[in-house]
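The block underneath contains the structure these notes are about, expressed in structure tokens.
Derivation of every value follows stated rules applied to the coordinates shown; laboratory data play no part. Computed from a predicted structure; not experimentally measured. Virtual Cβ from ideal backbone geometry, glycine too; neighbours counted across all protein chains shown.
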Amino acid sequence: MSLKSVIIPVLIIGVGVFLSLDQFRSHRQWLFEKAPSFISRYVLEEKTQVRDTKKKGVILTQDELAKYDGNNGKVLYLAILGKIYDVSKGGKHYGPGGGYHFFAGKDGTKAFVTGAFNKDGLTDDVSDLSPADMLGIKEWQDFYEKDYKYVGKLIGRFYDTNGEPTQELKDARKAIKEGKRLKKLDADDKQLYPSCNSEWKSGEGGRVWCSDLSGGIKRDWAGVPRKYFKPGSTSYRCACIRNTGAPGDKSKNQDHKNRGDLDNPNFREYEDCEAESISCRLPTK
């Protein structure tokens, strides 16, 4: 007689006793209440694990990624910030002879913002890029995330052999976060001091002027053009500033001289242009 033939009948008898005797009634009630939630939670966790596994994708070395440059087949991969994408459907661009073939089979992250598509430029070293540049790279990665199939991760600068983020990737993410913060500050600044309209004509030179829609900012005032120097900067942009009412950075209820931002030292007049003119000619060079 086998052990299996003994155990199974014993288990059946035990289950029958558990389900029939009154002394096990409270235990049966507890089991029937808890079992459904336990089973559903178990199934959900299993499904989640499967989804997470699929999302992690493959983990490739640089040599393995290099095989997917389209020269030995139709499959085309590229990496940006260590994430690998299948760009095969864009073969006419990324395949041999295509305008972006230099990106295939490698991580050329830096070149996405520098435009240096030579051997030195097609690198994943982004340590010397500005936060604005890093934000530009993130926008490129978002493009591939949206339009192409995610494949996995590249072992190297941004991910280790287990597919976990390296310190360099964490630093890159910090730079991207800073880039987003600076972009918002710039947008807020241009909302407060809208950019001027501008034009340039051969033989006549340039002109800058203000309207109630210049800089793409709809408002109830036009303002006057000024050279806007941010504190500590030697460069400037043309900004339309208020020439009446309260300064842009103060509440209308605060005391003011009804001169808008005319007395702000960060704004300088254009040469040979009337202080209250909404349009200024730029000298020809």
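A few points about this structure:
- Judged by the ratio a/c of the largest to the smallest principal axis of the C-alpha gyration tensor, the stretch 169-263 counts as oblate, that ratio being 1.5 or greater while a/b is no larger than b/c.
- Distance violations [Cα-Cα > 25 Å] among Lys146/Lys190; Lys92/Lys174; Lys184/Lys218; Lys138/Lys190; Lys67/Lys89: Lys146/Lys190; Lys92/Lys174
- For the stretch 86-231, the square roots of the Cα gyration tensor eigenvalues, ordered a ≥ b ≥ c, give a/c of at least 1.5 with a/b greater than b/c, which places it in the prolate category.
- Counting 0.36 nm for each residue step from Asp186 to Val75 and taking away their Cα separation leaves a gain of 35.8 nm.
- A protection proxy built from the mean count of other Cβ atoms within 10 Å ranks the segments 188-198, 265-275, most packed first, as 188-198, 265-275.
- Less than 5 angstrom separates the built amide H of Val151 from those of Ile84, Tyr85, Asp86, all sequence-distant by 5 or more or on a different chain.
- Length released on extending from Lys67 to Lys174, taking residue separation times 0.36 nm less the Cα-Cα span: 35.3 nm
- Whether the stretch 151-192 is rounded, prolate or oblate, judged on the alpha carbon gyration tensor where a/c under 1.5 counts as rounded: prolate
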